[in-house]
There are 4 protein chains.
Amino acid sequence: MHQSPDDLDRTDPEGAIAAAAKRCSNWGRWGADDVLGTMNFLDDAKRVEGAALVRRGASFSLSQSFDTDGPQKGWRRRTNPVHTMTDTGTDAERGVQGFPHGIGGADDVIAMPLQCSTQWDGLGHIFDHGFAWNGRRAGDVVTSLGDSVTGIETVASLIAGRGVLLDVGRAVGTDGELPDGFAITHQHLEATIAAQGESSRVGRGDLVVVRTGRLTRARRDIAEGRGWGDYAGGDAPGLSFTTAGWLHGTEIAGIATDTWGFEVRPNEFDVAFQPLHQVAIPNIGLFIGEMWDLDALAADCAEDGRYDFWLTAAPLPVTGAVGSPVNPIAVK
Amino acid sequence: MHQSPDDLDRTDPEGAIAAAAKRCSNWGRWGADDVLGTMNFLDDAKRVEGAALVRRGASFSLSQSFDTDGPQKGWRRRTNPVHTMTDTGTDAERGVQGFPHGIGGADDVIAMPLQCSTQWDGLGHIFDHGFAWNGRRAGDVVTSLGDSVTGIETVASLIAGRGVLLDVGRAVGTDGELPDGFAITHQHLEATIAAQGESSRVGRGDLVVVRTGRLTRARRDIAEGRGWGDYAGGDAPGLSFTTAGWLHGTEIAGIATDTWGFEVRPNEFDVAFQPLHQVAIPNIGLFIGEMWDLDALAADCAEDGRYDFWLTAAPLPVTGAVGSPVNPIAVK
Amino acid sequence: MHQSPDDLDRTDPEGAIAAAAKRCSNWGRWGADDVLGTMNFLDDAKRVEGAALVRRGASFSLSQSFDTDGPQKGWRRRTNPVHTMTDTGTDAERGVQGFPHGIGGADDVIAMPLQCSTQWDGLGHIFDHGFAWNGRRAGDVVTSLGDSVTGIETVASLIAGRGVLLDVGRAVGTDGELPDGFAITHQHLEATIAAQGESSRVGRGDLVVVRTGRLTRARRDIAEGRGWGDYAGGDAPGLSFTTAGWLHGTEIAGIATDTWGFEVRPNEFDVAFQPLHQVAIPNIGLFIGEMWDLDALAADCAEDGRYDFWLTAAPLPVTGAVGSPVNPIAVK
Amino acid sequence: MHQSPDDLDRTDPEGAIAAAAKRCSNWGRWGADDVLGTMNFLDDAKRVEGAALVRRGASFSLSQSFDTDGPQKGWRRRTNPVHTMTDTGTDAERGVQGFPHGIGGADDVIAMPLQCSTQWDGLGHIFDHGFAWNGRRAGDVVTSLGDSVTGIETVASLIAGRGVLLDVGRAVGTDGELPDGFAITHQHLEATIAAQGESSRVGRGDLVVVRTGRLTRARRDIAEGRGWGDYAGGDAPGLSFTTAGWLHGTEIAGIATDTWGFEVRPNEFDVAFQPLHQVAIPNIGLFIGEMWDLDALAADCAEDGRYDFWLTAAPLPVTGAVGSPVNPIAVK
């Protein structure tokens, strides 16, 4: 399938963004005090529906590693995790720890950007003209102390429900992968759903994961000695700006990709920076996941033909965080 | 109920630990290469059983916060998380970020011990006389580079299954709480199961969470201005050393408490340091969780009389980590 | 000597601060582009004068330790340094490092607030009504990216010159120490100079270090088991708000104390937060040092009667930092 | 001048290292308890001699920057510093800080390897066959808790004295620079001294700084868009293994270069890792500095023909550190 044309006016990014933001705004939809955005769609009934999808008990981690060998190269000052030991087995074996009766221990610490690997963007991660989710002024929400309103801890217990894989790489791409710069439109998403069948229908409260194959390619590059390249911060396939309406209209609770930036890179305007984020996070109130590892799950779905599953993607409740590392667990 | 006497020989800790370690050892049970320990018990069938426990779709986070106001006071050089922002809403609103078309962003980093708040102990966390899980030499497992054998990433996809709450605080304690130094014996555990009823039976592959009420008390102390006190590192109720056999014999996959140290503090020998850990982690190969927040879940269980649930407690896959922060999600 | 009365109007802090700021302002004194403030006073001639003070070659570090046992308790989210090893001697001795021919290594990392121990405040550390040094808007100077104008690196090569110790604790206090809340006025400073003699005269370009004895007391508290107490963030002796004129008029290049906060605590207004900082840093452009260890130097000065010396207090040139750890070296 | 031949037996690195270690050993020279190594050579008389070199009062920082744009690329898990703000001017200007009377503040934290930029190696940094400086077992010196014997804090007050620049790049190189792989022999060092004249004689207690021009080249690469390349961890000019005797015999207190690794890279044996370190640190007890910025000082020395100066290179006294960032200050 070739990339579909769309009616995106590429000459006026400012206007296009403003129009989409207005069209898709959920400001006020859940009251002036709302801090949950689209996570309001994920209710108990949806969880009951999701749990019923566990048939074989097979579980999949959708998380990449967190370590010094990750893809970060300093973009937006994001580094890879620095993991160090405060006690080790060598110390224990050497007998220098001073504990009685032969017990020894190892302990460790980590320093890392909260969005260095598999992650959720919180609602305080992106602003539109100085405004955050639900119309609050950005400076009233996120200061140097963190996000005092929509910190990721507000959804700590909520993100468990029905997950749906849209394997656009397999359905639309070549050899299961989309090339950098490929803009996934709502037509591609719908075509993928159609190709995959009923289990991949998408609706209110669902957690959608979109596989582009970009991580598959990065892994191949690493295996063949070329390293991560620009996996984190560079060009990539991803959601088209034109999917804003689909993201809004489907009333999904959250969506994640296997790329660093969710939306297509380069962006679809000549001068732009993540315009779909600008619509989706502060205006729709949508939860976006990035750098998820969908390959093992996708292989399983391709094999059994079932694309929905129980998904628990619990953010680490770092108080006031605008994003969070996450180890999403899918169970089929 | 008063604390039961037991046949613990308090005059010979070294001998008691060695005897329990020998009696409960699972070394070799799953082959010489095993890195999963008791997580081997948590199989797909158990997950199917666990998912079937979702009835209402009510979800509970069993995680405490991760922030600077946590309980750590430097014990074992454990500090509270330091969360800082690399971009803020005030910067965005002030227009200093330099992005086009009105988009602004916030980003953040964290530095923290992996066991500073709600956590899993990995199998490389504790050694017995210089030996780690499955009989490996400690120095062959955990060096300054981390745990190269049993790093927490080895169980990244596995820890989702049937959870069981044993609310010993409610069943055995006073006003729902046990005092510091209260050693929970297997009799207390069995009495709790008996009091709670059939839904709290414990067996192979289960994930058991034991509420002592210690966190409830800490929260009351904080609310009344006394602060955390010694919640992290001080005295506490907890599992008796004598439960080693129960932990081994039940063939549970993991167990967690609402205290910092899992086992009773002070320990039951005059000179000792976490002797139950010394048996449980390197010898049984048991996964232990600490500082879990069980209060909301416990209140719900007390109300509906159902003590088992679907539990996903996915560690963050920090490569080579000997422990991991976790946001466990229980769904009933 | 009793604490002298002064003409401070304690009923109008806002007015008193504004008046002092106006009276002592150095804005524009060195041009609109200036980033050095009072460090302009420390010129090459002053360095020649300072170097001539080296007579015996005795050197003194004026730095406290940087480690986990420091005084920080979380005030303004300041923690003690977290120092961890990425390689150790135990690893090397165990032979797990993989280097050839018997070489082994140890390496380490640190995470710490830049002002957790002995430090310089940079000119971007304090603002007055939204304005930074030399009249710049605070948001034009210090964003989440750091201080893009007056970062501590701008004075990286400059802070070496004539140091003068004013041992107010010895000259004015009891048993060499001033009590908490003792406000050191310009009369106390002049009395100290008079008592110490000619070598302690203070003038343009000098680096003045003021000993209150507060650290001596903290050390005694630690030795006697009471710990740091509120050394970092609590009550302390220190400079009176009324010394603003003296700080400005003497044309000193920098000044440091052995306390966490430089000025007297509690502050001299009922409701206030570091009003002397508000005048000194953004308006005078003065470099302030805190938590310096002056005890060994002070004992030597008391013995030989010479209170001036060659002082090198080179900040670590962390780009964009608003403060810096420092190991000041005095040589007599 | 062409690179001189030497009598290095390249076929037997193990033997060559052992022979040099034995020949140059200072173990026991200052008693069994010694923790200062060659810093014992830097006495008060040397400081008096050094201070007399201050003639014009011109000061030079020999430190590179500490920031995210540094040369580190992860070698030995060394990263560039991560500097974040805990309060900013934008927050202050926005009025969200909550302080009275218009005061605002900025604060910051840093996380970094202690040897990521301009640094001193401590005596616990390198081991020889499991032994540290003065014959101690490595595991008795440096555990996960740090260096409990020769931590960098032991020399906190000492490193100030006579500095000598040996600008080998200018004296021996082409256009002031040596190429990667150029091994500086003692003949090159002596030729440089001869070329520079009497002010560059080297002897007991001196602090020697050796300029290769490698940093000059890196700066040019950055300016021309090629980035740092392998400045940190790659090939470089540096001291030949054969200078071990010179380093030992001159009885210098310390020596630093403008390269990441001090000694020539690739090393002079086919299979080797920093063999000169293996001799110099644990056996000679020598303090080695790396990544110093000598360019401005070197230009000044070339102009006035004086190559010695007063040098203060005070390490940050991080307790138990095996290395330290440093901002060395030279004054002429």
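The values are calculated or read from the model by the stated rules, or taken from the named source; none is laboratory data. Not measured: the values here are computed from a predicted model. Note: ideal-geometry Cβ built from the backbone for every residue, glycine included; neighbour counts use all protein chains shown. Ligands, DNA and RNA are stripped out before the accessible areas are found, and what is left, the full protein with its side chains, is counted by its heavy atoms. Shrake-Rupley method; radii C 1.70, N 1.55, O 1.52, S 1.80 Å.
If you go through region A:45-54 one residue at a time, how many are open to solvent by 30 Å² or more (accessible area, probe 1.4 Å) and more than 7 Å from chain B (Cβ to nearest Cβ)?
Pass one, region A:45-54, residues open to solvent by 30 Å² or more (accessible area, probe 1.4 Å): A:45, A:48-49, A:52.
Narrowing further to those that are more than 7 Å from chain B (Cβ to nearest Cβ): A:49, A:52.
Count: 2.
Only one of B:GLY146, B:GLY122 is on the phi < 0 side of the Ramachandran plot and open to solvent by less than 20 Å² (accessible area, probe 1.4 Å); which? Spell out how you get there, then give the answer.
Values: B:GLY146 fails: on the phi < 0 side of the Ramachandran plot.
Testing whether each residue is on the phi < 0 side of the Ramachandran plot and open to solvent by less than 20 Å² (accessible area, probe 1.4 Å) leaves just B:GLY122.
Residues that are in the same structural domain as A:ARG10 (by TED's automatic domain parsing) and in contact with a strand residue (DSSP E or B) (Cβ under 8 Å, 6 or more places away or on another chain): does region A:221-229 have at least one? Give the derivation first.
At the first step, the residues of region A:221-229 found to be in the same structural domain as A:ARG10 (by TED's automatic domain parsing) are A:221-229.
From what's left, in contact with a strand residue (DSSP E or B) (Cβ under 8 Å, 6 or more places away or on another chain): none.
Looking through region A:221-229, none of the residues is in the same structural domain as A:ARG10 (by TED's automatic domain parsing) and in contact with a strand residue (DSSP E or B) (Cβ under 8 Å, 6 or more places away or on another chain).
For region B:318-327, does any single residue satisfy the condition of being without any contact (Cβ under 8 Å) to a residue 60 or more places away in the chain and more than 16 Å from B:HIS125 (Cβ to Cβ)? Quick ask: steps written out before the conclusion?
Start the filter on region B:318-327 by keeping residues that are without any contact (Cβ under 8 Å) to a residue 60 or more places away in the chain, which leaves none.
So far as region B:318-327 goes, no, none of its residues is without any contact (Cβ under 8 Å) to a residue 60 or more places away in the chain and more than 16 Å from B:HIS125 (Cβ to Cβ).
Is region D:18-38 home to any residue that is in contact with a Gly (Cβ under 9 Å, 6 or more places away or on another chain), outside any loop (DSSP other than H, G, I, E, B) and closer than 30 Å to C:VAL48 by Cα?
Residues of region D:18-38 in contact with a Gly (Cβ under 9 Å, 6 or more places away or on another chain): D:18, D:20, D:23-30, D:32, D:34-38.
Next cut, outside any loop (DSSP other than H, G, I, E, B) only: D:18, D:20, D:23-24, D:37-38.
Subset that is closer than 30 Å to C:VAL48 by Cα: D:38.
Yes, region D:18-38 has at least one match.
Is it fair to say C:LEU62 is in the same structural domain as C:ILE255 (by TED's automatic domain parsing), open to solvent by 10 Å² or more (accessible area, probe 1.4 Å) and in contact (Cβ under 8 Å) with a residue 24 or more places away in the chain?
Numbers: in the same structural domain as C:ILE255 (by TED's automatic domain parsing): yes; open to solvent by 10 Å² or more (accessible area, probe 1.4 Å): no; in contact (Cβ under 8 Å) with a residue 24 or more places away in the chain: yes.
Spelling it out, it is not the case that C:LEU62 is in the same structural domain as C:ILE255 (by TED's automatic domain parsing), open to solvent by 10 Å² or more (accessible area, probe 1.4 Å) and in contact (Cβ under 8 Å) with a residue 24 or more places away in the chain.
I'd like the residue in region C:11-29 that is farther than 17 Å from C:VAL208 by Cβ, among the hydrophobic types (A, V, I, L, M, F, W, C) and under 23 Å from the mean Cα position of the chain (by Cα) and, out of all such residues, is surrounded by the fewest Cβ atoms within 10 Å (Cβ to Cβ).
Looking at residues that are farther than 17 Å from C:VAL208 by Cβ, among the hydrophobic types (A, V, I, L, M, F, W, C) and under 23 Å from the mean Cα position of the chain (by Cα), I get C:TRP27.
Quick grid of which residues meet (1) more than 8 Å from chain C (Cβ to nearest Cβ); (2) farther than 23 Å from C:GLY57 by Cα; (3) at pLDDT 95 or above:
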residue: D:PRO282; (1), (2), (3): yes, yes, yes
residue: D:MET291; (1), (2), (3): yes, yes, yes
residue: D:LEU294; (1), (2), (3): yes, yes, yes
residue: D:GLU303; (1), (2), (3): yes, yes, yes
residue: D:THR312; (1), (2), (3): no, no, yes
residue: D:VAL322; (1), (2), (3): no, yes, yes
residue: D:PRO328; (1), (2), (3): no, no, yes
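Please tell me if C:GLY161 is at the interface with chain D (Cβ under 9 Å from one of its Cβ atoms) and crowded, with 24+ Cβ neighbours inside 10 Å. Spell out how you get there, then give the answer.
Details: at the interface with chain D (Cβ under 9 Å from one of its Cβ atoms): yes; crowded, with 24+ Cβ neighbours inside 10 Å: yes.
The answer is yes for C:GLY161.
Looking only at residues that are β-branched (Val, Ile, Thr) and buried (at least 24 other Cβ atoms within 10 Å of the Cβ) in region A:175-201, which one is farthest from A:PHE241 (Cα to Cα)?
Of all residues in region A:175-201, those β-branched (Val, Ile, Thr) come to A:184-185, A:192-193.
Okay, now just the ones that are also buried (at least 24 other Cβ atoms within 10 Å of the Cβ), so A:184, A:192.
Working: A:ILE184: 9, A:THR192: 18 Å.
Among residues in region A:175-201 that are β-branched (Val, Ile, Thr) and buried (at least 24 other Cβ atoms within 10 Å of the Cβ), the one farthest from A:PHE241 (Cα to Cα) is A:THR192.
Return the only residue of B:ARG204, B:ARG220, B:ARG226 being basic (Lys, Arg) and either touching a Leu at 6+ places or on another chain (Cβ under 7 Å) or assigned to a helix (DSSP H, G or I) (or both). Even if it seems obvious, please write down each step before you answer.
On the way: B:ARG204 fails: either touching a Leu at 6+ places or on another chain (Cβ under 7 Å) or assigned to a helix (DSSP H, G or I) (or both); B:ARG226 fails: either touching a Leu at 6+ places or on another chain (Cβ under 7 Å) or assigned to a helix (DSSP H, G or I) (or both).
Matching residue, one of B:ARG204, B:ARG220, B:ARG226: B:ARG220.
So which residues in region A:164-174 are assigned to a helix (DSSP H, G or I) and either surrounded by fewer than 24 Cβ atoms within 10 Å (Cβ to Cβ) or among the hydrophobic types (A, V, I, L, M, F, W, C) (or both)?
Passing the criteria: A:VAL168, A:ARG170, A:ALA171, A:VAL172.
When you go through D:THR68, D:THR84 one by one, which is the residue that is in contact with a helix residue (DSSP H, G or I) (Cβ under 9 Å, 6 or more places away or on another chain) and in the same structural domain as D:ASP108 (by TED's automatic domain parsing)?
Selected residue: D:THR84, the only one of D:THR68, D:THR84 that is in contact with a helix residue (DSSP H, G or I) (Cβ under 9 Å, 6 or more places away or on another chain) and in the same structural domain as D:ASP108 (by TED's automatic domain parsing).
Can you find even one residue in region C:220-228 that is touching a residue at least 60 places away in the same chain (Cβ under 8 Å) and open to solvent by less than 30 Å² (accessible area, probe 1.4 Å)? Break it down into steps so the answer makes sense when it comes.
Let us first name the residues in region C:220-228 that are touching a residue at least 60 places away in the same chain (Cβ under 8 Å), namely C:228.
Now narrow it down to the ones that are open to solvent by less than 30 Å² (accessible area, probe 1.4 Å): none.
No: region C:220-228 contains no residue that is touching a residue at least 60 places away in the same chain (Cβ under 8 Å) and open to solvent by less than 30 Å² (accessible area, probe 1.4 Å).
Any residue at all in region A:216-226 that is over 20 Å from A:PHE127 (Cα atoms) and in contact with a Ser or Thr (Cβ under 7 Å, 6 or more places away or on another chain)? Please lay out each step first, then the result.
Start the filter on region A:216-226 by keeping residues that are over 20 Å from A:PHE127 (Cα atoms), which leaves A:216-226.
With in contact with a Ser or Thr (Cβ under 7 Å, 6 or more places away or on another chain) added as a condition, the list becomes none.
No, that holds for no residue.
Search region B:127-143 for residues that are within 15 Å of C:GLU93 (Cα to Cα) and pair each with any residue that is surrounded by fewer than 24 Cβ atoms within 10 Å (Cβ to Cβ) and of a type outside the set (D, E, K, R) when their beta-carbon atoms are under 6 Å apart and the residues are at least 6 apart or on different chains.
Note: pairs meeting the criteria are B:ALA138/B:GLY130; B:THR143/C:VAL96.
Could you check D:THR242 against (1) farther than 28 Å from D:GLU49 by Cβ; (2) in contact with a strand residue (DSSP E or B) (Cβ under 6 Å, 6 or more places away or on another chain) and say which number it fails?
Here D:THR242 clears every test but (2).
For A:VAL149, are the conditions met, namely being at the interface with chain B (Cβ under 10 Å from one of its Cβ atoms) and in a loop (DSSP other than H, G, I, E, B)? Lay out the reasoning, then the answer.
Values: at the interface with chain B (Cβ under 10 Å from one of its Cβ atoms): yes; in a loop (DSSP other than H, G, I, E, B): yes.
In short, yes.
Can you name the number of the only condition in (1) in contact (Cβ under 8 Å) with a residue 12 or more places away in the chain; (2) open to solvent by less than 10 Å² (accessible area, probe 1.4 Å) that D:THR90 fails?
(1)
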